[in-house]
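Following: one structure in structure tokens, then a few remarks.
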Amino acid sequence: MNLKTVCIPHLSILWVRFETSDRWTLILYHLHSRKGRPSIIRHETLDENAPWPEANVYPVLVLCGGHGVIVKESETATDLIARVCNQNDRFRWSRYPDSSGEHFAFAQRTQLLPLEEWLQDVPVVDLQLSALPNPDQQSRATLERADRFYRQELSWKMFLKPSAQSTILANGIVSRLRLPVLGLLLLLLIGNYLLSDHLTAQKQQWQQQVDIARTRLGQQERLSDQKQQLWQDFNRLPEIPYALICDRIAEAVPADISLTELSVQPLQKKLEEHKTLALDERIITLKGMAIQADEITEFAQRLQQNPLIQTLTLIRLEQETETPFFRFHIRMSL
């Protein structure tokens, strides 16, 4: 696919035949290019005294010939071509190829001034002087000119170069792409409208997940602060040989007593968030069970003989209802 013909598919070619220096006839061809191949849609004869048709806004290629337009073969008229090119303010000239070779056409600028004034509001991309074909060959010459324009003359440099021609071509592209772009924007607006509710709900869901993650992170930071505070509090405690005391307790346990719990500096109450950790300092608690109550009394007496234990309190002593065991709870201060 030729991208240039996609951007500018419509083209007009205007044949101008000078009958005299101040009179001419106009034939306008309307073309359309598809897949890089131009084809003629229709043609019409224009009145030289009427304005340009407002409906025709496509780029126009102008071909002028007839009275006052001199055409020479480039190879055989090198001297004449040099003289004409040196008088650029007097003559307007064009070079163009055809089946027989390259040709050079020129005419006096004074003859072309009325035509240029008539074409002032016409989107002319190029005005070329040339020999006019016979009426039965004009359609073929029109297609050849359009094909040469698309293949050889139309380039992206022409679009980028600041000139009247580039403005005309850009306007052609804008008119070509206006409806597709508007349609695309309309589809985007419709898609945005349909997806807005879904995106809003998804955003709220993500925000909830972020809030939950922040809450958990805050809780972890607070627990970390509590652990740090606990470690600092533990380091501030007086140095007591807890390992030695626990060893002495193990030596004092009678054979018929089973210890189920030994707590060093137990918590005063359950750990709660945002509250300082409360420990029973210099306290050791024991829990266990025995077959006979006398064994518990003997165990308590052995513990009291330890000089590191200041007081010993039997907090609880009870017998289980379904078994012969006695359960006890002892609290000791150091």
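The values are calculated or read from the model by the stated rules, or taken from the named source; none is laboratory data. What you see is a predicted model, and the numbers here were worked out from it, not measured in a lab. Positions of Cβ are backbone-derived with ideal geometry, glycine not excepted, and every protein chain shown enters the neighbour counts.
Computed values, structure above
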item	result
Subset of region 291-334 [charged (D, E, K, R) and farther than 23 Å from D247 by Cα]	R316, E318, E320, E322
Every pair of residues 6+ apart whose Cβ atoms lie under 7 Å, when the first sits in region 96-118 and is touching a residue at least 24 places away in the same chain (Cβ under 8 Å) while the second is in a helix (DSSP H, G or I)	F104/I81; F106/V84
Criterion: touching a Pro at 6+ places or on another chain (Cβ under 8 Å) and among the small types (G, A, S) - qualifying residue of A290, A243	A290
Residues of region 19-59 satisfying the condition of being within 45 Å of the chain's Cα centre (by Cα) and either of a type in the set (F, W, Y) or not assigned by TED's automatic domain parsing to the domain that holds I8 (or both)	Y58
Pairs where the first residue, in region 307-325, is within 20 Å of R282 (Cα to Cα) and the second is of a type in the set (S, T, N, Q) and surrounded by 11 or more Cβ atoms within 10 Å (Cβ to Cβ), C-beta under 6 Å, 6+ apart	Q310/S333; T311/S333; L312/Q304
